[in-house]
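Report on the following structure.
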Amino acid sequence: MGKKFLFTLIACLLAFGLAACGSKESNGGNAAGAEKKKLIVATDAAFPPFESMSPTGEPEGFDIDLIKAIAKAQNMEIEVKHTGWDPMMAGLKNGSVDIAIAGITITDDRKKVFDFTTPYFTAEQGILVKKNAPAVKTVADLKGKKIGVQSGTTGQLLVEEKLGKGYSGLKGYEEVAGAIEDMRNGRIDVVVADNAVVKKFMEKLKLDDVNIIEDTSAKQEQYGIAVKKGNKELLDKLNKGLAAIKESGEFDQIYNKYFKK
Ligand code: ARG
């Protein structure tokens with residue numbers, strides 16, 4: 001590096017700061033010696049207590065606290081954006097999104113396109129059903145019922161697995177809240193979604209005429225944080241950050257903030 005170049009670079013840095021002085025960087029992670037790149041974290045902030053929108057329009061919740069703590073531990077700069085579910089997945093594929101965190105269950109199909117961190121949460125599917133409805137125990141018992149799910153989620157996969165792929169009573173929604181709304185006004189009979197989330201909605205909306213049934217025949221699910229397949233550098237950082245906040249007790253603090261019994 002020539003003296004003159006170095007001088008110009010330092011002058012530029014002093015005058016305009018890092019971003020303006022010709023940084024060239026690839027997507028995700030920081031090349032050794034390069035300055036920090038702001039990483040875009042996408043979420044679908046309609047999934048409390050994991051993510052929802054605060055009254056001032058910022059994503060908040062367990063996942064948001066988690067990714068912020070991981071970023072801090074790894075000295076990464078992040079910006080969390082509420083994109084919605086499908087745009088989040090699409091963005092991760094096309095590179096406009098670096099990291100996705102949204103209570104995303106690690107599945108074999110998703111692992112073909114994304115890489116996931118070590119699991120950070122264990123979940124189950126819950127069936128939200130009116131108290132006066134005939135008893136159900138599993139998703140397989142829901143045959144003949146109108147079932148609402150968030151489209152493209154494991155709730156949909158479970159219903160399709162138990163009742164068949166083209167099951168005519170299945171209705172897909174963009175968000176869990178829309179399905180719950182339709183159940184309340186009688187357009188559908190039940191909602192199948194991640195247990196902790198239906199529970200949170202039940203509390204939030206003070207639904208006292210419903211029950212949540214845990215389908216114990218369904219497999220447990222593990223949430224992971226997703227990056228584009230092959231982005232090993234970024235994945236390693238996230239895994240290291242996750243391990244560090246587990247070690248330091250910060251993970252437990254965040255967990256207890258949202259899931260204390
Ligand atoms: N765990 C489920 C899945 O991965 C549902 C996740 C939905 N998350 C959300 N933020 N809407 O398919």
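The values are calculated or read from the model by the stated rules, or taken from the named source; none is laboratory data. Note that the coordinates shown come from a computational prediction; the quantities given were computed from them, not determined experimentally. Here the Cβ is made from the backbone with ideal geometry for all residues, glycine too, and neighbour counts use every protein chain on show.
If we scan segment 94-103, do we find a residue that is within 13 Å of the ligand (Cβ to nearest atom) and either touching a His at 6+ places or on another chain (Cβ under 6 Å) or within 30 Å of residue 186 (Cβ to Cβ) (or both)? Checked segment 94-103: at least one residue is within 13 Å of the ligand (Cβ to nearest atom) and either touching a His at 6+ places or on another chain (Cβ under 6 Å) or within 30 Å of residue 186 (Cβ to Cβ) (or both). When segment 178-190 is filtered for residues that are farther than 26 Å from residue 116 by Cβ and within 16 Å of the ligand (Cβ to nearest atom), the ones remaining, listed by number, are 178, 180, 181.
For segment 67-83, does any single residue satisfy the condition of being farther than 21 Å from residue 236 by Cα and within 11 Å of the ligand (Cβ to nearest atom)? Scanning segment 67-83, I find at least one residue that is farther than 21 Å from residue 236 by Cα and within 11 Å of the ligand (Cβ to nearest atom), so the answer is yes. Among the residues of segment 114-141, those identified as small (Gly, Ala, Ser) and either in contact with a Phe, Trp or Tyr (Cβ under 7 Å, 6 or more places away or on another chain) or surrounded by 15 or more Cβ atoms within 10 Å (Cβ to Cβ) (or both) are 123, 126, 140. The single condition from (1) among the charged types (D, E, K, R); (2) assigned by the TED database to the domain that holds residue 131; (3) loosely packed, with under 13 Cβ neighbours inside 10 Å that residue 194 fails is (3). Against the test of being free of Cβ contacts under 8 Å to residues at least 24 places away in the same chain, among the charged types (D, E, K, R), within 15 Å of the ligand (Cβ to nearest atom) and closer than 30 Å to residue 139 by Cβ, the options 206, 260, 199, 219 yield a single qualifying residue, 219. Residues in segment 39-63 that are crowded, with 22+ Cβ neighbours inside 10 Å, within 21 Å of residue 241 (Cα to Cα) and of a type in the set (A, V, I, L, M): 39, 41, 42. For segment 68-92, the candidate set comprises residues that are of a type in the set (Gly, Ala, Ser) and under 18 Å from residue 111 (Cα atoms); within that set, the residue that is surrounded by the fewest Cβ atoms within 10 Å (Cβ to Cβ) is 90.
Of all the criteria given as (1) within 13 Å of residue 238 (Cβ to Cβ); (2) within 16 Å of the ligand (Cβ to nearest atom); (3) in a helix (DSSP H, G or I), the one not satisfied by residue 111 is (1).
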